[in-house]
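The values are calculated or read from the model by the stated rules, or taken from the named source; none is laboratory data. Bear in mind that the values here come from a model prediction, so they are computed numbers and not experimental data. Note: ideal-geometry Cβ built from the backbone for every residue, glycine included; neighbour counts use all protein chains shown. For the accessible areas, the whole protein counts, side chains as well, though only heavy atoms, and no ligand, DNA or RNA atoms are used. Shrake-Rupley method; radii C 1.70, N 1.55, O 1.52, S 1.80 Å.
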Amino acid sequence: MKLKLSTFGERFSRRSGALELMDDLGSALGGDSEALMLGGGNPAKIPAVQRYFSERLGELAADPAEFERMLSNYAHPAGELRFRRAVARLLAERYGWPLTADNVALTAGSQAGFFLLFNMLAGRHSDGTMRRILLPVTPEYVGYANLGLGEGMFTSRRPRIELQGEGFFKYYIDFDSIDCGDDVAAVCVSRPTNPTGNVITDAELEQLDALCRRRGVPLIIDSAYGVPFPGIVFNEAAPLWNDNVVLCMSLSKLGLPAARTGIVVAREEIIESLTGMTAITNLAVGSVGPVLAHSVVASGEIIDLGRRLIAPYYRRKAERACEILQRSLRGLPFRIHRPEGAIFLWLWFPDLPITSAELYRRLKASGLLVLSGHHFFPGLDDDEPWRHRDECLRLSFAQDDEVVDRGVEILAAELERAYSPPARRAAAFRPGE
Ligand code: PLP
C-alpha cells in the first residue's frame, strides 16, 4: 500500500531543483555514474587548504580536551560557544561591528539556517496576514526555492541586464521594480550570487540596506561564498552588518562542506529565535566544524586565507573556463555573466531553439551534468512569459581543469546540434518545462 504523506511530507519530499542537483552530485561522487560533474556546488579541493585542515584534524584528535569538545559533548543549541565568541571577536576587531557571542548562532550548514530564518519571518502570521521573502534580483539560489512550509514563500524581481563587451553581461537590481510593501517579511540576496557569480555592488547593497531599514524588515545577506569569509570575490566588496542585517556565512565553500557548519550573525532577538528552533529540531548543532576551524577564526587567518589563496585560485579557474568556452563555442550565440565571485559560470544562449531543461537532459545523456537555468528563478510568476529563464545554464568550474575541458567539448557539440537547422529546430520550444 502506498505510504500516505502529510502536506508537509508531500511538500518536502517532492522533486526539487536542490534534489536534482544533490542526486546528480551523489551519483557522480558515489561512482554510480561516469558523467562529468559540472553541476554541483562542491568546492574545489585546494591542496594547501586540504593539507591545513588534515593536519589540524590530526592535532585535535590527539588532544583529549579538543577531542571531547569536538565529539563527546552536545554543544549549546546556538552552537559551540568558544567558536561563536571567536567569530564575534574577529568581526568586531576587523570591522568595528558591536558583536558578542549572543549575536552568533550556528546551524547545520547555512541551508538549514535559511530554512529556519525564512519560516521564522515569512508565511502565515497570527494576525492572519501572509508575508513573504523578497528576492530583489533573480536568478537566485535554487536552494531557497522549496524552503517554505507553505506555498508562496517568495516574491522576486527580474534584473536589469547590461550587455558588456567581449561576450559578457551583468545583472543589476532594478530598484524601480522594488516596492517593499507590508507583505514583505525580509529581503534576501546572495552575494556572490549562486548561480551567476554576480556580486551586487556596494552601492546596491547600501541602497537595499537603507530600504530595509526604512521599511523595518531584516536584510538577509547570504555570504556562503562571500565576505568576510570564505571571500570568493574577485574584486573588492565591502562586508556589511548592522542590527537590521542577518549575515549568513558557512564553512562549506572554504573546503568543509561535509562539516555542515552555517554561521548566522544577527541581532540577539533573531539569534534567540534561531536557538529555540534548533533546540526543538536538532537539540544542538555539530561541533566538528567549529572545533576544526576555531584556530583560523581566532587568529583571523580565515579572512586572509580567502584573499591570499582561495579567491585567487577560483579567479584563475574562472578566467580559464571563460577562455575555453569562448574558444570552443566560437560562432554560437552565447554570453557569459561577468564572473565576479563564487564557483560557477552562468551562460546565456539567446534564442536557444530548445529550453535549457531540454538542453540539460541532452547533456546528461551525453555524459555532462550541469544545471538548467530555469530552476534559479524562485518566486517569479510562472505565468509571466520571460524567455530568458529558459535560455541559461549554470556550470561549475571548481572541478579539475581536464573535467571542465571535456565538459565544454560536450556542451559545444550539443549546442551545435541544437542551433543547427532544420531537424533540431523542429524540437519545439516549450517554456517553463
Ligand atoms: N547559499 C548559497 C548561495 C549556496 O550556494 C549554498 C550551497 O551551495 C548554500 C547557501 C548552502 O550551503 P551550506 O548549507 O553548505 O552552508
Is it the case that some residue within the stretch 23-34 is away from the ligand (no atom under 16 Å from the Cβ) and modelled with pLDDT of 95 or more? no
Mind checking which pairs have a first residue in the stretch 103-118 that is farther than 21 Å from Leu90 by Cα and a second that is within 10 Å of the ligand (Cβ to nearest atom) and outside any strand (DSSP E or B), Cβ under 8 Å, 6 or more apart or different chains? Ala108/Arg260; Gln111/Gly143; Ala112/Arg260; Phe114/Gly143; Phe114/Tyr144; Phe118/Tyr144
Determine which member of the set Pro43, Pro77 is open to solvent by 30 Å² or more (accessible area, probe 1.4 Å) and either over 30 Å from Ala185 (Cα atoms) or more than 16 Å from the ligand (Cβ to nearest atom) (or both). Pro77
Output the qualifying pairs, or none if there are none: Cβ atoms under 7 angstrom, residues six or more apart or on different chains, first residue in the stretch 247-268 and near the ligand (Cβ under 9 Å from one of its atoms), second residue among the basic types (Lys, Arg) and at pLDDT 95 or above. none
Hits in the stretch 146-170 - residues which are exposed (fewer than 15 other Cβ atoms within 10 Å of the Cβ), at pLDDT below 95 and over 23 Å from Leu208 (Cα atoms): Gly150, Glu151, Gly165, Glu166
Answer yes if at least one residue in the stretch 172-182 is in contact with a strand residue (DSSP E or B) (Cβ under 6 Å, 6 or more places away or on another chain) and touching a residue at least 40 places away in the same chain (Cβ under 8 Å), and no otherwise. no
Pick from the stretch 331-349 the residues that are modelled with pLDDT of 95 or more and of a type outside the set (A, V, I, L, M, F, W, C): which of them is farthest from Gly306 (Cα to Cα)? Arg335
So Ala342 fits all but one of (1) open to solvent by less than 10 Å² (accessible area, probe 1.4 Å); (2) on the phi < 0 side of the Ramachandran plot; what number is the exception? (2)
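Per-residue answers, yes or no, for (1) more than 16 Å from the ligand (Cβ to nearest atom); (2) in a strand (DSSP E or B):
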{"position": "Thr138", "(1), (2)": "no, no"}
{"position": "Ala185", "(1), (2)": "yes, yes"}
{"position": "Pro195", "(1), (2)": "no, no"}
{"position": "Val199", "(1), (2)": "no, no"}
{"position": "Glu204", "(1), (2)": "yes, no"}
{"position": "Asp209", "(1), (2)": "yes, no"}
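One line per residue, one yes/no per condition, for (1) under 16 Å from Phe118 (Cβ atoms); (2) not in a strand (DSSP E or B):
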position: Ile220; (1), (2): yes, no
position: Tyr225; (1), (2): no, yes
position: Glu236; (1), (2): no, yes
position: Trp241; (1), (2): no, yes
position: Leu247; (1), (2): yes, no
position: Ser252; (1), (2): no, yes
position: Val264; (1), (2): yes, no
position: Leu274; (1), (2): yes, yes
Breaking point among (1) within 16 Å of the ligand (Cβ to nearest atom); (2) buried (at least 23 other Cβ atoms within 10 Å of the Cβ); (3) not in a strand (DSSP E or B), for Val291: (1)
Of the residues Leu60, Leu91, which is out of contact with any Pro (no Cβ under 7 Å at 6 or more places or on another chain), open to solvent by less than 70 Å² (accessible area, probe 1.4 Å), at pLDDT 95 or above and not assigned by TED's automatic domain parsing to the domain that holds Pro378? Leu60
Suppose we keep only residues that are surrounded by fewer than 19 Cβ atoms within 10 Å (Cβ to Cβ) and of a type outside the set (A, V, I, L, M, F, W, C) within the stretch 171-189. Which one would you say is farthest from Gly123 (Cα to Cα)? Tyr172
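Mind telling me which of the residues Asn235, Asn282 ends up being within 15 Å of the ligand (Cβ to nearest atom) and surrounded by fewer than 18 Cβ atoms within 10 Å (Cβ to Cβ)?
Result: Asn282 is the single residue among Asn235, Asn282 that is within 15 Å of the ligand (Cβ to nearest atom) and surrounded by fewer than 18 Cβ atoms within 10 Å (Cβ to Cβ).
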Every residue in the stretch 260-276 that is under 22 Å from the mean Cα position of the chain (by Cα) and either more than 19 Å from Val217 (Cβ to Cβ) or open to solvent by 50 Å² or more (accessible area, probe 1.4 Å) (or both), please. Arg260, Thr261, Gly262, Ile263
Selection from the stretch 293-324 of residues that are farther than 17 Å from Gly231 by Cα and either among the aromatic types (Phe, Trp, Tyr) or touching a strand residue (DSSP E or B) at 6+ places or on another chain (Cβ under 7 Å) (or both): Ala321, Cys322
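Of Ser156, Ser126, which residue is assigned by TED's automatic domain parsing to the domain that holds Val199 and without any contact (Cβ under 8 Å) to a residue 24 or more places away in the chain?
Ser126
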Within the stretch 225-277, can you find the residues that are of a type in the set (Asp, Glu) and more than 22 Å from Arg215 (Cβ to Cβ)? Glu236, Glu272
